[in-house]
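The values are calculated or read from the model by the stated rules, or taken from the named source; none is laboratory data. Nothing here was measured: the structure is a model prediction, and the numbers come from that model. Because the Cβ atoms are built from the backbone with ideal geometry, glycine has one as well, and the counts that use them run over all protein chains shown.
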Amino acid sequence: MKEVYKQVIISCPSMVGDNNKFTILKLIKNSNGISRQDISRTLKLSAPAVSKNVAALISAGIIREEGTDETRLGRKPVLLKYNSNLMYVLGIEIMPRGLRGAISDLCGNVISQYNVPSDIEKGTNGVLVRLRELIEFLLEKKPEGGDVTTAGIAVPGLTDKKIDFNLISTFIDEWNAVDVKSYVEDNFKISAIVMNDVELDLIGECWIGAGKDYNNILLVKYGDGFAARSMINGMLLTGANRAAGEIGYYLPSINDVRQSFFSPGVTENKLCREVLKQYGADSKRKISFSELLKKADEGDATACSIVEKVVDDLAVIINNIVLVIDPEVVILGSEAAFLRDQDINRIKDILCKTSPAVPEIRVSQLRENAGVMGGIKVAITSAEENLINYWK
């Protein structure tokens with residue numbers, strides 16, 4: 001199949017030209033200014049081919065001439081730079097506790113960020129009103145020039161239409177009927193890419209966070225929910241139903257089998273709800289795990305006991321996943337990113353005693369912004385795939 005595809009490309013001059021333009025564009029984007037001569041030398045393309053393709057990219061407004069290479073003797077070659085302001089994109093995360101978003105250029109430079117509460121207690125309409133407020137705010141922050149073309153949106157649930165579940169639906173019964181993609185595209189005329197929040201957390205960390213130097217990664221997100229996603233040999237592992245990594249449904253023992261399936265899963269319900277309720281059982285507000293860690297640091301015996309239990313449970317589950325996918329690194333996201341050195345060392349110690357290959361354990365670098373930055377990354381990728389329309 002690969003050979004047939006390759007032959008088709010070679011036999012079609014227009015496709016060869018498009019491929020050359022994308023290759024040249026990628027090189028220009030990844031450099032801080034590069035000359036035509038260096039493009040020709042790096043890509044082993046003829047000078048006429050480079051000049052022709054560069055002229056088309058300049059005419060389309062995708063790149064521009066800016067400055068000269070002062071390191072050269074004699075006539076200074078003109079440098080080419082990527083026009084990152086040609087279009088803008090949004091990254092958005094919709095979670096039960098709130099919505100957050102950012103607008104960026106095509107190089108991922110964030111122009112503005114904004115957070116709003118979810119108003120989940122007001123039902124579906126409350127969340128959608130807040131989503132509209134968030135997007136309208138970000139659109140107002142767009143600089144003059146290019147349009148906002150694409151939004152990458154993180155949602156806490158499975159995005160495969162065959163499986164209808166979203167974490168917000170545990171608070172709002174009718175939320176599963178909401179089509180976020182259509183809502184954004186119909187109301188704002190922006191192309192929307194809706195993905196699982198942990199997938200986008202992982203993509204964000206791989207792009208500019210704790211996973212950027214690795215090809216085999218496990219990201220475990222523990223907070224309002226409990227799930228994981230993994231990257232194997234540089235490819236996102238999704239499974240047949242995009243459900244690979246739904247460890248909230250992890251079955252601790254046969255005694256935990258329910259009469260029928262329902263959400264949240266046994267382990268998620270235990271770690272994200274039941275365990276945390278043990279602290280301040282009389283309080284109406286559930287304490288977060290990060291708050292519990294602070295209590296433990298202050299010497300609160302109950303908090304220390306609960307944290308120890310959660311860390312041990314996380315270690316067991318992480319160990320079992322590590323045995324299956326053999327990652328280079330495990331990234332702890334959401335509330336787990338606040339784990340202390342002693343907690344991480346506890347997880348490492350358990351893995352060292354039970355796993356033949358022990359990965360690095362790192363906390364998220366992007367923290368609460370991981371999903372938003374992952375959304376920006378997929379939005380940029382999608383927007384750039386459509387650049388072909390600019391030179392056609």
field: Which numbered condition MET95 fails, given (1) within 26 Å of ASN389 (Cα to Cα); (2) in contact with a helix residue (DSSP H, G or I) (Cβ under 9 Å, 6 or more places away or on another chain)
entry: (1)
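For the range 301-344, enumerate the residues that are among the polar types (S, T, N, Q) and under 22 Å from ARG97 (Cβ atoms).
Narrowing the range 301-344 to residues among the polar types (S, T, N, Q): 302, 305, 319-320, 334, 342.
Passing the criteria: only SER334.
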- request: Could you list, in sequence order, all residues of the range 206-247 that are under 14 Å from the mean Cα position of the chain (by Cα) and of a type in the set (Lys, Arg)?
  value: LYS212, LYS221, ARG229
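For every residue, the table says whether it meets (1) over 15 Å from GLY17 (Cα atoms); (2) touching a helix residue (DSSP H, G or I) at 6+ places or on another chain (Cβ under 9 Å); (3) touching a residue at least 12 places away in the same chain (Cβ under 8 Å).
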site	(1), (2), (3)
THR42	yes, yes, yes
SER46	no, yes, no
VAL54	no, yes, yes
GLU65	yes, yes, yes
GLU70	yes, no, no
ARG75	yes, no, no
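Run down GLY33, GLY74 and say which single residue is at pLDDT below 95, farther than 30 Å from ILE135 by Cα and either in the same structural domain as LYS141 (by TED's automatic domain parsing) or under 30 Å from the mean Cα position of the chain (by Cα) (or both). Can you show your working first?
Values: GLY74 fails: either in the same structural domain as LYS141 (by TED's automatic domain parsing) or under 30 Å from the mean Cα position of the chain (by Cα) (or both).
Of GLY33, GLY74, the one residue that is at pLDDT below 95, farther than 30 Å from ILE135 by Cα and either in the same structural domain as LYS141 (by TED's automatic domain parsing) or under 30 Å from the mean Cα position of the chain (by Cα) (or both) is GLY33.
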- request: Can you tell me which residue within the range 289-300, out of those that are among the small types (Gly, Ala, Ser) and assigned to a helix (DSSP H, G or I), is farthest from the chain's Cα centre (by Cα)?
  value: ALA296
field: Filtered residues of the range 298-309 (kept if of a type in the set (Asp, Glu) and either surrounded by 13 or more Cβ atoms within 10 Å (Cβ to Cβ) or closer than 13 Å to LEU276 by Cα (or both))
entry: ASP300, GLU308
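Filter the range 363-382 for residues that are surrounded by fewer than 20 Cβ atoms within 10 Å (Cβ to Cβ) and either in contact (Cβ under 8 Å) with a residue 12 or more places away in the chain or touching a helix residue (DSSP H, G or I) at 6+ places or on another chain (Cβ under 6 Å) (or both) and give the result. Talk me through it step by step, then tell me what you get.
Going residue by residue through the range 363-382, those that are surrounded by fewer than 20 Cβ atoms within 10 Å (Cβ to Cβ) are 363, 365, 367-368, 381-382.
Of everything in the range 363-382, those that are surrounded by fewer than 20 Cβ atoms within 10 Å (Cβ to Cβ) and either in contact (Cβ under 8 Å) with a residue 12 or more places away in the chain or touching a helix residue (DSSP H, G or I) at 6+ places or on another chain (Cβ under 6 Å) (or both) turn out to be VAL363, GLN365, ARG367, GLU368, SER382.
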message: Looking at (1) within 16 Å of ILE247 (Cα to Cα); (2) surrounded by fewer than 18 Cβ atoms within 10 Å (Cβ to Cβ), which one does ASP313 not meet, given that it meets all the others?
response: (2)
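So which helices (runs of 4 or more DSSP H) are wholly in the range 170-288 and hold at least 1 residues that are in the same structural domain as GLY91 (by TED's automatic domain parsing) and surrounded by fewer than 16 Cβ atoms within 10 Å (Cβ to Cβ)? Explain how you work it out, then say what you get.
Details: elements: 180-188, 197-208, 266-269.
Hits in the range 170-288: 180-188.
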message: Going residue by residue through the range 301-308, is there one that turns out to be without any contact (Cβ under 8 Å) to a residue 12 or more places away in the chain, polar (S, T, N, Q) and assigned to a helix (DSSP H, G or I)?
response: yes
field: Filter pass, SER104 being within 30 Å of SER35 (Cβ to Cβ), assigned to a strand (DSSP E or B) and in contact (Cβ under 8 Å) with a residue 24 or more places away in the chain
entry: yes
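Counting just the residues of the range 316-360 that are assigned to a strand (DSSP E or B) and in contact (Cβ under 8 Å) with a residue 40 or more places away in the chain, which one comes out surrounded by the fewest Cβ atoms within 10 Å (Cβ to Cβ)? So that I can check it myself, show each step before the final result.
Within the range 316-360, the subset assigned to a strand (DSSP E or B) is 329-334, 360.
Of the ones still in play, those that are also in contact (Cβ under 8 Å) with a residue 40 or more places away in the chain are 329-334.
Details: VAL329: 19, VAL330: 28, ILE331: 32, LEU332: 24, GLY333: 30, SER334: 27.
Looking at residues that are assigned to a strand (DSSP E or B) and in contact (Cβ under 8 Å) with a residue 40 or more places away in the chain, I get VAL329.
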